[in-house]
Amino acid sequence: MTFSLQKKPSNSLRDSSIIVVGISILFLSVSCFVYAQQLSSDIKTSKALMDGFMDKRFGMFIHFGPVSLRGTEIGWSRNKEVPAEEYDNLYKEFNPVLFNANAWVKAAKDAGMKYLTITSKHHDGFCLWPTSFSTYNIINSPYKRDIVGELAKACNKQGIAFCIYFTVLDWHDPDYPIHNPYDSTKNVQGDMKAFVRRMKNELKEIVVRYRPYMLWFDGNWEKPWTKEYAIDVYQFIKSLDKDVIINNRLGKGDQDSLSTESVGDYLTPEQRIGTMNMKDPWESCITICSQWAWKPNDSMKSLKECIQTLVKTSAGNGNLLFNVGPMMDGRMEARQVERLKEMGDWLSKYGNSIYGAKGGPYLPNEIYAATRKDNRIYLHVFERKAASLELPSLPGIKITRAYFMNGKAVPFTQDKEEHIRIDLPPVLPDELSSVIVMELDKNAERIPVIKN
Ligand code: JFZ
């Protein structure tokens with residue numbers, strides 16, 4: 001014992017036990033505090049699971065809810081284009097009778113997508129599953145069917161990984177302190193503790209009932225949500241199912257970079273192709289049209305843009321979560337389903353260069369992008385600018401063969417300084433993206449990224 005400076009020797013035993021207990025409590029609270037600031041590595045999603053997720057490369061995002069009756073943006077049009085009073089009553093006429101979970105999942109599958117993420121609850125607070133913790137849910141709409149549950153089943157049946165989007169902020173929930181992001185005078189105190197309790201109950205329902213492969217959080221940027229809540233919820237989810245993958249919008253901080261505020265397993269750049277990153281897993285979420293939720297006559301991306309968006313995300317070593325907003329009757333627009341099918345047709349020819357392939361070693365640009373697997377580099381050529389294409393050298397590496405994927409040999413030279421020249425035919429074989437396979441004498445995955 002080192003606690004010997006007692007004034008009253010007769011009480012020294014009692015005093016020192018008090019000190020020991022006191023110090024232990026102090027220690028415990030300090031370690032709890034440190035623990036609360038940091039996720040312990042044994043509960044973090046394993047690298048093997050994250051690698052499996054990143055190998056999938058292409059998923060479907062679906063933004064759906066009563067707002068499809070207005071054709072305005074989900075969540076964000078409440079209190080803007082649609083008065084809150086009107087918005088909050090739309091569910092009373094929400095009846096997507098032509099919803100067919102198998103048809104949605106088939107559209108994803110035909111597109112070559114490997115996972116699907118549905119908005120179970122967006123910022124407007126409406127729950128697309130029959131939750132016991134809020135009456136503002138699908139069971140109280142005329143439709144009365146569990147859209148989330150039917151999708152989970154259809155995904156399992158068709159071999160698509162089922163994932164769930166869940167917003168943190170909820171402008172409809174009376175316990176959440178912010179009710180109108182456009183007018184702060186409309187906001188009240190709220191009760192965040194009660195709100196987070198309900199949120200955890202809802203998440204438990206979701207995780208236990210639907211067994212999602214991944215949870216896509218959102219709405220993390222407002223003040224009432226803190227990193228401490230995020231850590232608590234991460235640990236809570238992992239206690240229910242340790243294998244659920246969780247995106248970084250559960251925590252605070254930036255969507256596309258890691259910081260001390262981050263909580264979650266991967267980065268989520270939005271409406272843009274993420275920057276090349278061989279270290280941290282990432283997924284770009286991008287809309288097939290312009291709005292997340294369905295919008296009549298919305299402008300749709302060309303097939304070329306769709307394919308090159310997917311190729312460039314893969315080439316940066318990321319995934320693409322490509323968004324569709326179904327119509328109020330429950331169907332996806334035929335033109336969008338057709339566009340997705342065209343992407344699937346391209347992928348059925350060139351999928352080997354996307355699924356399970358890493359990005360790099362070249363940085364993607366407007367003319368070409370690259371992916372790699374084992375001893376192969378897949379060079380995606382978007383445009384024929386000249387009769388030949390010069391590539392930065394690959395130090396110490398020999399190209400042994402080059403050929404168009406599923407096609408003819410491609411002439412190439414690698415001179416003494418190791419400069420690479422690829423001779424292109426007068427017309428590229430695929431106007432969307434032509435894939436040249438370059439076989440190397442070494443493993444392509446170990447080449448450091450070449451800053452061209
Ligand atoms: C968020 C959502 O708000 C959006 O509706 C959609 O679900 C997307 C996938 O994720 O996107 C954002 C996030 C933050 C802002 C705008 C859109 N913001 O702070 O202006």
Regarding segment 341-360, can at least one residue be identified that is surrounded by fewer than 24 Cβ atoms within 10 Å (Cβ to Cβ), of a type outside the set (Ser, Thr, Tyr), closer than 30 Å to LYS92 by Cα and within 21 Å of the chain's Cα centre (by Cα)?
no
Kindly check whether there is at least one residue in segment 253-269 that is of a type in the set (Asp, Glu), within 15 Å of the chain's Cα centre (by Cα) and modelled with pLDDT of 95 or more.
yes
Residues that are touching a Gly at 6+ places or on another chain (Cβ under 9 Å) and surrounded by fewer than 23 Cβ atoms within 10 Å (Cβ to Cβ): does segment 307-327 have at least one?
yes
Identify, by number, the condition in (1) over 30 Å from GLY351 (Cα atoms); (2) within 17 Å of the chain's Cα centre (by Cα) that MET60 doesn't meet.
(1)
Is it true that some residue in segment 58-70 is under 30 Å from LYS114 (Cβ atoms), among the hydroxyl-bearing types (Ser, Thr, Tyr) and either modelled with pLDDT under 95 or within 16 Å of the ligand (Cβ to nearest atom) (or both)?
yes
Would you confirm, using the coordinates I've provided, whether ILE246 is of a type in the set (A, V, I, L, M) and not in a loop (DSSP other than H, G, I, E, B)?
yes
Filter segment 166-194 for residues that are among the hydrophobic types (A, V, I, L, M, F, W, C), closer than 30 Å to VAL324 by Cβ and touching an Asp or Glu at 6+ places or on another chain (Cβ under 6 Å); which is nearest to the ligand (Cβ to nearest atom)?
LEU169
Taking the condition of being more than 16 Å from the ligand (Cβ to nearest atom) and in a loop (DSSP other than H, G, I, E, B), how many residues in segment 216-234 meet it?
1
Across segment 71-107, the tally of residues that are among the basic types (Lys, Arg) and crowded, with 18+ Cβ neighbours inside 10 Å stands at 1
Top-ranked residue of segment 261-291 - restricted to ones that are free of Cβ contacts under 8 Å to residues at least 60 places away in the same chain, touching a Leu at 6+ places or on another chain (Cβ under 7 Å) and within 12 Å of the ligand (Cβ to nearest atom), ranked as farthest from ASN323 (Cα to Cα)
SER284
Subset of segment 295-306 that is touching a helix residue (DSSP H, G or I) at 6+ places or on another chain (Cβ under 8 Å) and in a helix (DSSP H, G or I) - its residue that is surrounded by the most Cβ atoms within 10 Å (Cβ to Cβ):
CYS306
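Yes or no, residue by residue, for (1) at pLDDT below 95; (2) buried (at least 21 other Cβ atoms within 10 Å of the Cβ):
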{"position": "THR167", "(1), (2)": "no, yes"}
{"position": "LYS186", "(1), (2)": "yes, no"}
{"position": "ASP191", "(1), (2)": "no, no"}
{"position": "ARG198", "(1), (2)": "no, no"}
Among the listed residues CYS155, CYS163, identify the single one that is assigned to a helix (DSSP H, G or I) and either within 13 Å of the ligand (Cβ to nearest atom) or in contact (Cβ under 8 Å) with a residue 24 or more places away in the chain (or both).
CYS155
Can you tell me which residues in segment 80-102 are within 23 Å of CYS289 (Cα to Cα) and assigned to a loop (DSSP other than H, G, I, E, B)?
LYS80, GLU81, PHE94, PRO96, LEU98, PHE99, ASN100
When segment 103-147 is checked residue by residue, the ones that are within 16 Å of the ligand (Cβ to nearest atom), part of a loop (DSSP other than H, G, I, E, B) and hydrophobic (A, V, I, L, M, F, W, C) are PHE126, LEU128
In segment 328-358, what count of residues is obtained for those that are touching a strand residue (DSSP E or B) at 6+ places or on another chain (Cβ under 6 Å) and in a helix (DSSP H, G or I)?
3
Taking the criterion of being in the same structural domain as ASN180 (by TED's automatic domain parsing), within 28 Å of THR309 (Cβ to Cβ) and within 16 Å of the ligand (Cβ to nearest atom), would at least one residue in segment 207-215 satisfy it?
yes
Residues in segment 380-426 that are closer than 28 Å to GLU305 by Cα and touching a helix residue (DSSP H, G or I) at 6+ places or on another chain (Cβ under 9 Å): how many?
4
Just one listed residue, out of LEU28, LEU49, is modelled with pLDDT under 95 and assigned to a helix (DSSP H, G or I), and it is LEU28
If THR135 satisfies all but one of (1) of a type outside the set (D, E, K, R); (2) surrounded by 15 or more Cβ atoms within 10 Å (Cβ to Cβ); (3) free of Cβ contacts under 8 Å to residues at least 24 places away in the same chain, what's the number of the condition it fails?
(2)
In this structure, is ARG384 basic (Lys, Arg), surrounded by 15 or more Cβ atoms within 10 Å (Cβ to Cβ) and touching a residue at least 60 places away in the same chain (Cβ under 8 Å)?
no
Can you list the strands (runs of 3 or more DSSP E) found entirely within segment 384-447 that contain at least 2 residues being in the same structural domain as THR371 (by TED's automatic domain parsing) and among the charged types (D, E, K, R)?
420-423
Checking the condition over 20 Å from the mean Cα position of the chain (by Cα), surrounded by 17 or more Cβ atoms within 10 Å (Cβ to Cβ) and at pLDDT 95 or above, which residue from ASP175, ASP232 passes?
ASP175
Go through SER302, SER314 for me and flag whichever is among the hydroxyl-bearing types (Ser, Thr, Tyr), touching a Leu at 6+ places or on another chain (Cβ under 8 Å) and at pLDDT 95 or above.
SER314
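The values are calculated or read from the model by the stated rules, or taken from the named source; none is laboratory data. On a predicted model such as this, the values are computed, not experimentally measured, just so you know. We place every Cβ from the backbone using ideal geometry, glycine too, and count neighbours over all the protein chains shown.
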